[in-house]
Amino acid sequence: MVRNRCLWRSSGSLYPAFQKNYHRDKASVNSKDTEQPKQTNAVVTRFAPSPTGFLHIGGARTAMFNWLFARHHGGKALLRIEDTDKARSTQEAIDAILEGLDWLGLDWDDEPVFQSARADRHAEVAHQLLASGNAYKCFATSEELTAMREQQRAEKKPMRYDGRWRDRDPSEAPEGAPYAIRLKTETAGKVTIADKVQGDVSVQNSEIDDFILLRSDGSPTYMLAVVVDDHDMGVTHLIRGDDHLNNAFRQLALIRAMGWAEPVYAHIPLIHGNDGAKLSKRHGALGVDAYRDMGILPDAMFNYLLRLGWGHGDDEIISREQAIQWFALEGVGKSPSRFDTKKLQNLNGHYMRDADDAALVQLATPWIEKDLGRSLSDADSQLLGQAMPVLKSRAKNLIELADSSLFLFKKRPLVLDERAENLLDDDARTLLKSIHLALNDLDDWTLEATEEVIKAIAESAELGLGKLAQPMRAALTGSTSSPGIFDVLILLGKEESLGRLADQIEKT
RNA sequence: GGCCCCUUCGUCUAAGGGUUAGGACGCGGCCCUUUCACGGCUGAAAUACGGGUUCGAAUCCCGUAGGGGUCACCA
């Protein structure tokens, strides 16, 4: 469980559980028979974001699917921060991602692994490959390679490393020249991946060039780092965006060169914006935090993201428990889906209505306080709690909820909005006068009693209830829409209600 | 451009050889109603196109078109 972030940020040993696993392969390689039969039921997944920005929608869904798959199988869901790109990785991004995951209610087993701390192990594997003849030193300079690609492009040939150092003797290189380590990949035949989502996908080995494992400065590339980390962490199922599908073939080549167990792959389609293109900055609010700030409930987001690209018959409202029970990779669609804010809002409305009143009071309070410019007293909070049942059924998100509650806390005399002001013409004010009179005489301030009084007036004046309710609403709430008018009366109490009515009558 | 993937209402999806192609969001109408919501009923709305295979195709095969992804000493 990842709850207290300080736990690992301030800790000196970031991945204690991990270090124990460090030499596990050597042991398990030697004991083949103990390794083989058991490995089927232990599911280990991982979510591996690179901390270069907030947790975007696509990442959130990938995280969810990994989490759900692990929980469904009673396995482990691990978290790894891919922070090897020091120039782009920031602590703010790490925090934002962890917060986003936490907000969504996703917890992780073991301590998060920071990839940057594992560079030595990555290098070790690269050198192991070098020693076994599965990799070689490449002395080509960046300039040289750029030139090579330029030429390939000019000749309209595929842009790939041409293997110029593959069979050359390192002694041909200048004395002490820096070199990168490249994987010696297969040149003939093809590889096929039995992807749980995409099905069988094959690629000719000739398409896969000898990619770099270790840079000339000794740092590992992403391709090396992922494979080594996934292996060391014991990851059995790789669920990630299908933008990694092409990488999978390279990674598989590396895995096979090391003789490691091959994971099960599941490449899920990316989420697209309204225009069908890959989600990017220009699509507007994208971080999970942005939706939190829009007053979306985590459960609604969870449900929405779950149903995006995944289905379970006609089910729409799905609880976490059901999601864990039902989730299967087979249900994931193969085509990219578009993000639909309207549906999210609708789902959020469902979860608002279902939510616990006390919880909603907590969640809405910050917005209310911001609007009011003061903090809520205990009495205010209690009033809000009383009003919650009639407020929450009308709100699609926490912002609407907060807005709709403001009339409870506003000080007299109320400032009416334009529509409410227009509604209060002379006739309406005359009506308010008789309403005020009748309510003033009422001692039994209950829903039933107030309703009886108002209905009596409506009847004697031969008017519909609406003719009375709307002016009352305007005077009592300053707006033309609110909870039921008798609810409003009761929530406000007799004194406040009469005061607000009087304020508007006196204006004439 | 090379390689890989995708294609059912506007959107998310169900239907894995035989259904009036179902549900949800959104949109329209009606009902409920003191406003606004909720809710109920209801309407319009889809198998990208073209060929096969088959008694029968949204479903299997081929092609076309469109869309997406990926091609770094980034991750």
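In the set A:ALA469, A:ALA474, A:ALA458, only one residue is free of Cβ contacts under 8 Å to residues at least 12 places away in the same chain and not hydroxyl-bearing (Ser, Thr, Tyr); that residue is A:ALA458.
Output the residues belonging to segment A:429-453 that are crowded, with 20+ Cβ neighbours inside 10 Å and within 14 Å of RNA strand B (Cβ to nearest atom). Within segment A:429-453, A:LEU431, A:ILE435, A:THR450 qualify.
Determine whether A:ARG80 is part of a helix (DSSP H, G or I) and either buried (at least 21 other Cβ atoms within 10 Å of the Cβ) or modelled with pLDDT under 95 (or both). So A:ARG80 does not fit the description; no. Among the residues making up segment A:218-233, those that are within 18 Å of A:THR45 (Cα to Cα) and among the β-branched types (Val, Ile, Thr) are A:VAL226, A:VAL227, A:VAL228.
Taken over segment A:120-158, the criterion of being more than 10 Å from RNA strand B (Cβ to nearest atom), among the aliphatic types (A, V, I, L, M) and over 13 Å from A:ALA257 (Cα atoms) is satisfied by A:ALA123, A:ALA147, A:ALA154. Collect the residues in segment A:174-212 that are more than 7 Å from RNA strand B (Cβ to nearest atom), within 30 Å of A:TRP310 (Cβ to Cβ) and surrounded by 17 or more Cβ atoms within 10 Å (Cβ to Cβ), keeping them in residue-number order. A:VAL191, A:ILE193, A:ASP195, A:LYS196, A:VAL197 - these are the residues of segment A:174-212 that are more than 7 Å from RNA strand B (Cβ to nearest atom), within 30 Å of A:TRP310 (Cβ to Cβ) and surrounded by 17 or more Cβ atoms within 10 Å (Cβ to Cβ). Please indicate, with yes or no, whether at least one residue in segment A:272-288 is surrounded by 18 or more Cβ atoms within 10 Å (Cβ to Cβ), modelled with pLDDT of 90 or more and within 19 Å of the chain's Cα centre (by Cα). Yes - at least one qualifying residue is present in segment A:272-288.
For the subset of segment A:421-463 comprising residues that are over 14 Å from A:PHE486 (Cα atoms) and of a type in the set (Ser, Thr, Tyr), which member is modelled with the lowest pLDDT? Applying the filter and picking the extreme gives A:SER460. Selection over segment A:473-487 of residues that are more than 8 Å from RNA strand B (Cβ to nearest atom) and in a helix (DSSP H, G or I) gives a count of 4.
Within segment A:94-105, identify whether any single residue is more than 9 Å from RNA strand B (Cβ to nearest atom) and without any contact (Cβ under 8 Å) to a residue 40 or more places away in the chain, and answer yes or no. Checked segment A:94-105: no residue is more than 9 Å from RNA strand B (Cβ to nearest atom) and without any contact (Cβ under 8 Å) to a residue 40 or more places away in the chain.
Listed by position, the helices (runs of 4 or more DSSP H) inside segment A:316-428 whose residues that are within 12 Å of RNA strand B (Cβ to nearest atom) number at least 3 are A:341-354, A:378-392, A:398-405, A:418-423. All of A:LEU68, A:LEU106, A:LEU129 fail the test of being under 16 Å from the mean Cα position of the chain (by Cα) and in a helix (DSSP H, G or I), apart from A:LEU68.
Residue selection: A:SER216 fails the criterion of being out of contact with any Asp or Glu (no Cβ under 6 Å at 6 or more places or on another chain), among the hydroxyl-bearing types (Ser, Thr, Tyr) and without any contact (Cβ under 8 Å) to a residue 24 or more places away in the chain.
Look through A:VAL235, A:VAL227 and report the one residue that is buried (at least 22 other Cβ atoms within 10 Å of the Cβ), more than 8 Å from RNA strand B (Cβ to nearest atom), in a loop (DSSP other than H, G, I, E, B) and at pLDDT 95 or above. After ruling out the rest, the residue left standing is A:VAL235.
The values are calculated or read from the model by the stated rules, or taken from the named source; none is laboratory data. Keep in mind it's a predicted model, so treat the numbers as computed, not measured. Because the Cβ atoms are built from the backbone with ideal geometry, glycine has one as well, and the counts that use them run over all protein chains shown.
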